[in-house]
Amino acid sequence: MTRSTPLMLLLAASFSAAALPAVAAAPAGTQQPAAAASAPVLVTAAQWQQMRSDGSRYPVFAKEQQRAERLVRGMIKAGIDVPVPKDKGGGYTHEQHKRNYQAIQAAGALYRLTGDKVYADYARDLLLGYAKLYPGLGAHPQGRGQIPGRLFWQTLNDSVWLVSAVQGYDAIRDSLSAADRKTIDDNVFRPMADFLSGTPENFDKIHNHATWAVAAVGMTGYVLRDTTYVDKALNGSKRDGSAGFLKQVDQLFSPDGYYEEGPYYQRYALAPFILFANAVQRNEPQHGIFKRRDGVLLKAVDSLVQSSYGGYFFPINDAILDKGLDTEELVAGIDIAYAQTSDARLLSVAKAQKRVLLSPEGLQVAQALAQDKAKPFAFVPTLLRDGPDGTEGALAILRMGGENGQALVMKNTKQGMGHGHFDKLNWLFYDNGQRVVSDYGAARFLNIEAKAGGIYLPENNSWARQTLAHNTLVVNEQSHFGGDWKKGQALAPTPLLFAVNDDTQIASARMDGAYDGVSFTRTQVLLAHPALTEPVVLDLLRVNGNKAARYDLPLHFNGHIMDAGFKAQSAVAARPVLGKANGYQHVWIDASSEPSSEARSLTWLLDGRFYTYRFASTAPSRALIGESGANDPSFNLRREPMLLQRVDGQAATTFYGVLEPHGQYDGTAETVRGANSRIDRIAHYRGKDADVLVLDLAGGKRVALGIADDPSKGGAHEVSGDGHSWRWDGGWKRFDTGSGKDGK
């Protein structure tokens, strides 16, 4: 999964816990010796010298330096180009300013690592070009949002530019003449820091855009020895602690290190969080930033790795599917976290990344890899609480079979601010290295100019965020919270249960308030049994409303349909559309059944493995097979299949099902085995305050699972049906028998 990752160079100014102390930021206006006033403070001269001496001994570090040299040599050959900003994302001027900040940062590092003044001169000349350009810039002509950027169309990109460039500048600043240093200080870095810190509507947010802004301003403050910038960065534009970096650390992460906007944005926000934390620790260790909130920033690195499968992050909320563990932000996180903790599990991630920072931490990781110190990173069942106090929902991750075995992700988290989707109690399932039950993620083609410059497309609102685009309950064809994320932000699911043992893993949560007068509870189980070739997923969703309604339960899956185990009328002459709004306008109906209370099945094939989904409900339901992509004139949506269960005219109902991986198809050998499901039947029984799901397996085996209505509470429960009775104490219990006679 190795990619060319420019931000790797941006993030090189990290530090080692054992490194020599830097020159502390002096109060603005304080006189210092010329050398001390311009010496590097993000990575010290002594640290650079150590990397210069030792880096070639460790292959990963040496390759990283060679990569940087190729980048900068190519830029030097192309010549200085500092264009007047005019293009939106993906356009020429946008991309050129990105290349420039990458080159400034890389050139600064190479000057220190090689001693070659050519690199310092090139970075200087680029920055002098910006010193001529920047003072005359106003709002970007393609500006987005309330606060357009100046170099870029959104302020966020300006912040990223400053975070990058100030690191390169720190590395070369003491090589410049006093005149050039003053020109660059006063015409580039100070006005950029003033612009960012002077827009409190962005700078003082508790949001990833603000994290980039405060990191940029704070790091600039350390380099320029201006404590006003540093104070604003740490404590907000008012310098009173009501905003700023410290507030963001306290508010945006849960005690488990889960980031409110989800793994995709946790990956993006990790860069400024970790990078600026390094700068704070380096210059003002009295803040104890890596110990704050029981080391939450280091926990964030671990939780982000746990929030992945097959090398890719779980694509919940506004996520792009191709972001994973090799992303440059996580390379920085792994290197810095290892330097802080010496946790050898992190080295296995670094080994797979095949990248390190050009920094003391990167050198430390490269050395440890060369000494073969890496230990496997254990991907384990994990409950990641959400909210600053850990009381606003949770992400439940159930796993069996190791890294590429089975992973069931139940999204019981809070809204995730403006990047959140309307998908409470949504779920995803991974198996055999594949996304089996999928989440669409974001409707966006990042930085592709032909697709609106890479911004979120209109279909992100009309489809990707809508509840129908996810695997959870839709009531009366309306999205959760009426599609209002601010309303959703105040209401989180209530986790009821998370339990793990060798053959059964279970998670449960309840959602109130997604719809007026409607409460729904979902319990999901990852269950192994000797009669099954792979663990299966059990799903139980109970919904109670105060009046009759239409209840839809979608399932979005990857694969080619092998068999629809129910009678349905196919739409072959024309493809009707499912509805008119809230995502329904984007679904073609390919087949539809009549209402029935009997269990149905659907089997599909994905990457050589079969998947059979058996499903039913306690009220008669229709089964519809559809595909995304209707009403999409610009071809912005992927065409993906879905199954929809529909119950009409009921105030309450229960949906239940089982998803079974089985068999193998080998196209090369032309062999098929295990293509038939090993589950003969799924049945549901209801008691006074609990449900039982029963699976009849091939060979006469039976497994039953009892689930209390509120599994967070104790008490005795009893459910009877079909001549059997199940009794248990507590939230849940599993019953296995070999003869079909269930025990107590």
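The values are calculated or read from the model by the stated rules, or taken from the named source; none is laboratory data. Source: prediction; values computed, not measured. In case anyone asks, the SASA skips ligands and DNA or RNA and just uses the protein heavy atoms, side chains included. Shrake-Rupley method; radii C 1.70, N 1.55, O 1.52, S 1.80 Å.
Miscellaneous remarks
- The listed residues LEU137, LEU127, LEU383, once ranked by accessible area (1.4 Å probe) with the largest placed first, stand as LEU383, LEU137, LEU127.
- Accessible area, probe 1.4 Å, largest first, for residues HIS586, HIS684: HIS684, HIS586
- Quotient of the Cα radius of gyration of the stretch 344-490 and 2.2 N^0.38 Å, N being its number of residues: 1.32.
- Calculated from the structure at hand, Cα Rg over 2.2 N^0.38 Å is found among (i) 0.95; (ii) 1.03; (iii) 1.18 as (ii).
- Heavy-atom accessible surface of HIS287, to the nearest 10 Å², is about 70 Å², with a 1.4 Å probe and all protein chains retained.
- The mean of 1/r over all pairs of different alpha-carbon atoms in the stretch 597-672, once inverted, gives a Kirkwood hydrodynamic radius of 15.0 Å.
- Listed by chain and number, the aspartates and glutamates whose alpha-carbon sits under 15 Å from that of LYS351, ignoring those within fewer than 8 places in the same chain, are GLU64, ASP326, GLU328, ASP335, ASP343, GLU361, ASP372.
- In Å², nearest 10: area of ILE184 left accessible to a 1.4 Å probe: 0
- Normalised per residue, the accessible area of the chain is 35 Å², obtained with a 1.4 Å probe and no contribution from ligands, DNA or RNA.
- Summary value for the chain: 9 percent relative contact order, contacts being C-alpha pairs under 8 angstrom separated by 6+ residues.
- Solvent exposure ordering (accessible area, 1.4 Å, most first) of ASP696, ASP691: ASP696, ASP691
- For a straight C-alpha distance cut-off of 27 angstrom, the lysines reachable from LYS713 (same-chain residues fewer than eight places away being disregarded) are LYS411, LYS414, LYS424, LYS688, LYS733, LYS744.
- Gyration tensor (alpha-carbon) shape descriptor, the stretch 120-251, a/c threshold 1.5: oblate
- With all projection directions averaged, the alpha carbon convex hull of the stretch 304-422 covers 8.2 nm².
- Of LYS247/LYS354; LYS291/LYS375; LYS117/LYS354, pairs whose Cα-Cα distance is over 32 Å: LYS247/LYS354
- Residue-level accessible surface for GLU260, protein heavy atoms, 1.4 Å, Å²: 20
- Qualifying lysines (Cα of each under 21 Å from Cα of LYS98; at least 8 residues distant if same chain): LYS77, LYS86, LYS88, LYS132, LYS323, LYS451
- Inter-part distance, the stretch 173-239 to the stretch 55-79, computed on C-alpha centroids, equals 28 Å.
- Averaging the Cα positions of each part gives two centres, and for the stretch 589-642 and the stretch 282-333 these lie 35 Å apart.
- Compactness of the stretch 676-729, expressed as Rg and Dmax over alpha-carbon positions, Å: 12.3, 40
- The share of Cα pairs per 5 Å bin across the stretch 628-744, counted from zero up to the longest distance, runs 2, 9, 15, 13, 14, 12, 11, 9, 7, 5, 2, 0 percent.
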